[in-house]
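Below is one structure, written out as structure tokens; comments come after it.
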Amino acid sequence: MTDQIPPHLLPNALDFAPQGVRMLSLDCFDTLLWRHVHAPRHVFADLGGGFSLQQRAWAESQARSAATLRRGCNEVGIADIYRELMPKASDEARKAAADAELAAEARHCYGFAPTVALMREAKARGLEVAIVSDTYLDSDQLAELIRAGAGAEVFALIDRIFCSSQFGVSKGEGLFRHVLRETRIKPTEILHIGDNRHADLVAANACGINALHLAQFDEASEQRLRLEASIAAILENAQLAYQPHRAAIASGWRQLEDPAERLGFGVLGPVMTAFAHWIDEEARTLGEGRDGKVHVLFLMRDGYLPQKIFQALFPDTTCGALEISRFAAIASALTEDEAILRHLDRELAGDDLKSIARQFLFPAGEAAALLARLPRKARGAAFASAIRARPVLRSIVQRSRGFADRLCAYVEREVEPERGDTLLLVDLGYNGTVQNHLAPLLEARFGVAVAGRYLILREQDVSGCDKKGLIDARAYDSFTLEALCGNVAVLEQLCTAAVGSVVGYGADGGPIRADSSIKGRQSDIRDKVQAGCLRYALDHLASVVRPPRSDCEATRRQAAMAVLARLMFLPLPDELEVVSSFDHDVNLGGGATVPLFDPDVAETGLRRRGLFYLKGAERMYLPAELRGRGLPLSLSFLALRRFALDLRYADFCDNGIDLPILFTDGSEVATDSVRALPTQDGYFVAAIPIGDCRYAIGVQFGQLYDWVQVDSVEFLPVQDFLSEGAGKTKPPFEALPSLEGMEQVAPHLLRCETREAFMMVPPPQREDDTRMMLAVAFRPIAARTPAETRAPEAERVGEAVS
């Protein structure tokens, strides 16, 4: 007989047992009774009573130590624990506190359906069923907890209960001997199953009892759940991490082999299922007291997967899809001069004039002609001036009103709204831009109310619209929401549909889509992810006899938040492999795509700027680019974003190297040193001001090193180097150094032949008054061996320059 069994095979466990088994023996916690939280101690955070989780844990530890000293065993009852926890309280107060703990356990416990199925099979075969538990509860207390958590029908399947607290020994110390003596059943006639390998397998086998170790999770799932609990602690300061998906993950994960399906099942599944339940509740609430119909409408493309999950869970609720992109919503709202100018002011800073012209619905030829007429300098100001011209404003308004008419024809065709109805727009989030632009139009045109419900909602202004998010400001501060929204690209690409973004509507209201710029392989992978998510939604309650009383909107929200944030900030290697080839596109009608993540970009940024790079790097999925570089780096990034920490460049550097340099204009030479600061992987960066670009810079590596690795030598504005995010003023550009007494023996690897060896960097051409600097990123390989006699500094440098 094998010694291990996965949860999904529990109902058939008796088929693996030897002939002649008369009794099924089961562990209780994490075998029959599972908790709605990550770890048993998390229940202690829900006790109240004026004491903390740590105090409750300390009291149990102290009670066990005292029992060992007094009685020679460390088994205690719950009354012993509360005597240590509340030494000056009355017996009545201690009993009330202990009862509160039992009530908290009952709130969070539920029966694990595969175990219950096994118990029913055992009874059908005429076997006795016993519970053997290492617990500080006595048999009456444990019986009541099973009855409360799993139900009276499940409790009725149990014939005997054995608790370590009553026998004074744990399973590993001999509790099974008491089981054998009390039942008078031979060891070979018992099958015991439990989740603790030592207590339930090794200890049972030592007594001759047949046993199986219930392997709740594989290593990947166990790590993922631990990280989710850690993320909950960081983002919510939560000592109680809810994980309603534990049972479904235990039963279903190992039945899937494809990594993409596993990603959908184990990660997107819990998030989208919680979202669907919340949307159903919100739709019902909106419908209360209203005469009109509530139309649940998922906004495409990102609403594609949420709609699939909603339809699967609530097949009797009618819902629809609306293909309205941000581009389309904005285009329909430019019907007044004020709206056009407001959009122009917001978008002009981005300097993508072609996209702005497209958004203003200029025909392609007209837009090209307009852009061609703009001067080379101050193009943004000239563009704005052209747009503000009265004839141009009139033409944009006219085009926008026609676009709005066609969009409304599309909505009427798809929804058939009636006056008094409510259009409930559902999307992933995050600002509700489509709703902001669309609501006034639809409300005026159809006489309906428009509401928006989002997975994540972080409004950038106070819109005044009817909006809520499953994850929003009602439960989370703005820094947390902003941190999540910075990494939503991975979620969008996993939820979207394999069609192009809507760029217009025909006269009959039919949507006109841009060509999809996403490659076929990405769509195939996404289909598998979405299939796994759907499977979770359909199966997520199959492993639960009945949901625990703590299962509610708030606990599902916290769990969804932790699952989603874990994927965003601490993605695992197998997950990144699934999305490694993904591109990301935006719903602005341009069809542009960028890679979802590129580890080489982060490696370059970290080498050249160090941890400070994390503060301002604007990447689609930066945490994915950081993985493989150590957990401390990922946690640093999470803390920076979660708390919006006011850390400056100097705060990231606590040591450095004084690197000798020289300045020369061809006739005069000056020497100095610059403090090179550590970045990443042993690299340092020397930031050397070059003022008005008159002086060449000599970096005197030979004085310090025999061997050095130079990653980059580039010029950039001083302002950009010190700001949060490189390249804001102008992009860095490579310098063209020459080597004096240095030999390149491999790419980037240099040998300094003598102490006088240096790298000479000529100044760049000065274009304007921008203060520039030279940034040299290098890694010492071998320090200079002591001691050559040094020539006088000025003489040696002068010879080299000449």
Modelled FRET efficiency - R0 56 Å, THR2 with ARG70, Cβ distances, 0.05 increments
0.85
Place the peptides 276-287, 376-387 in order of packing, highest mean first, counting for every residue the other Cβ atoms within 10 Å and averaging per peptide.
276-287, 376-387
If I stretch the segment between ASP352 and GLN255 completely, what's the gain in nm (0.36 nm per residue apart, minus their alpha carbon distance), one decimal?
30.1 nm
Determine the shape class of the stretch 23-84: with a ≥ b ≥ c the square roots of the Cα gyration tensor eigenvalues, call it rounded for a/c under 1.5, and otherwise prolate if a/b is greater than b/c, oblate otherwise.
oblate
The stretch 629-671: trypsin sites (Lys or Arg not before Pro) falling in loop per DSSP and having at most 14 other Cβ within 10 Å
ARG648
Where Lys and Arg each count +1 and Asp and Glu each count -1, what net charge lies around ARG751 among other residues with Cβ under 11 Å from its Cβ?
-3
Between ALA89 and TRP58, how many nm apart are label points set 7 Å from Cα along the C-beta direction?
1.5 nm
Considering only protein heavy atoms, what per residue accessible area in square angstrom results for the stretch 302-454 with a 1.4 angstrom probe?
45 Å²
Label-point gap, in nm, between ALA378 and SER667 - each point 7 angstrom along Cα→Cβ:
3.8 nm
Taking square-rooted eigenvalues a ≥ b ≥ c of the alpha carbon gyration tensor, is the chain rounded, prolate or oblate, where a/c under 1.5 means rounded and, failing that, a/b exceeding b/c means prolate?
oblate
Provide the solvent-accessible area of TRP707, counting protein heavy atoms only and rolling a 1.4 Å probe, rounded to the nearest 10 Å².
80 Å²
By accessible area (1.4 Å), largest first, GLU743, GLU418 order as GLU418, GLU743
Around ARG642, under 11 Å between beta carbons, what's the net of Lys plus Arg minus Asp minus Glu among the other residues?
-2
Which is farthest toward the positive dipole end of the chain among ILE158, ALA357, ASN196, measuring Cα position about the Cα centre, with Cβ charges +1 (Lys, Arg) and -1 (Asp, Glu)?
ILE158
In percent, what relative contact order does the stretch 19-93 have, based on Cα pairs under 8 Å that are 6 or more apart in sequence?
19 percent
Between ASP527 and GLU288, what length in nm is gained on full extension when 0.36 nm per residue of separation is reduced by their alpha carbon distance?
82.4 nm
If each residue of separation counts as 0.36 nm, what is the full-extension length gain between ALA103 and ASP646 once their alpha-carbon separation is subtracted?
191.1 nm
What does the charge count around CYS73 come to, taking other residues whose C-beta lies under 11 Å from its C-beta (Lys +1, Arg +1, Asp -1, Glu -1)?
+1
Centre separation in Å (Cα based) which lies between the stretch 383-411 and the stretch 470-524
25 Å
Taking r as the C-beta separation of ASP598 and ASP574 and R0 as 25 Å, the FRET efficiency to the nearest 0.05 is 0.85
Where the centre of each part is set by its Cα atoms, how far does the stretch 412-434 sit from the stretch 235-263, in angstrom?
32 Å
Virtual spin-label span in nm between GLU743 and HIS198, 7 Å along Cα→Cβ
6.0 nm
Looking only at aspartates and glutamates whose Cα falls under 16 Å of LYS293's and that sit 8 or more positions away or on another chain, we get ASP280, GLU281, GLU282, ASP316, GLU412, GLU414, GLU416, GLU418, ASP421, GLU443
Candidate span helices, the chain: DSSP H, at least 30 Å along axis from Cα coords, Kyte-Doolittle average at least -1.0, result 390-415
If we sort 137-144, 291-298 on the protection proxy, mean other Cβ atoms within 10 Å, highest first, what's the order?
291-298, 137-144
Calculated from DSSP helices alone, with each H run of at least 4 adding -39500 (n - 2.57) and the total divided by the residues of the chain, [θ]222 nm to the nearest 500 comes to -12500 deg cm²/dmol
Residues of the stretch 166-204 with backbone N under 11 Å of the label point set 7 Å from the Cα of ARG22 along Cα→Cβ are 183-190
What FRET efficiency do you get for ASP681 and LEU635 if R0 is 25 Å and r is their Cβ-Cβ distance, rounded to the nearest 0.05?
0.90
When every protein chain stays in place and a 1.4 Å probe is rolled, ARG607, ARG546 sorted by accessible area with the largest first are ARG546, ARG607
For ARG557, ARG342, write out the residues from largest to smallest accessible area, computed with a 1.4 angstrom probe and no ligands counted.
ARG342, ARG557
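The values are calculated or read from the model by the stated rules, or taken from the named source; none is laboratory data. As the structure is a computational prediction, the values presented were derived from the model and not from experiment. Note: ideal-geometry Cβ built from the backbone for every residue, glycine included; neighbour counts use all protein chains shown. Only protein heavy atoms, including side chains, enter the accessible area calculation; ligands, DNA and RNA are left aside. Shrake-Rupley method; radii C 1.70, N 1.55, O 1.52, S 1.80 Å.
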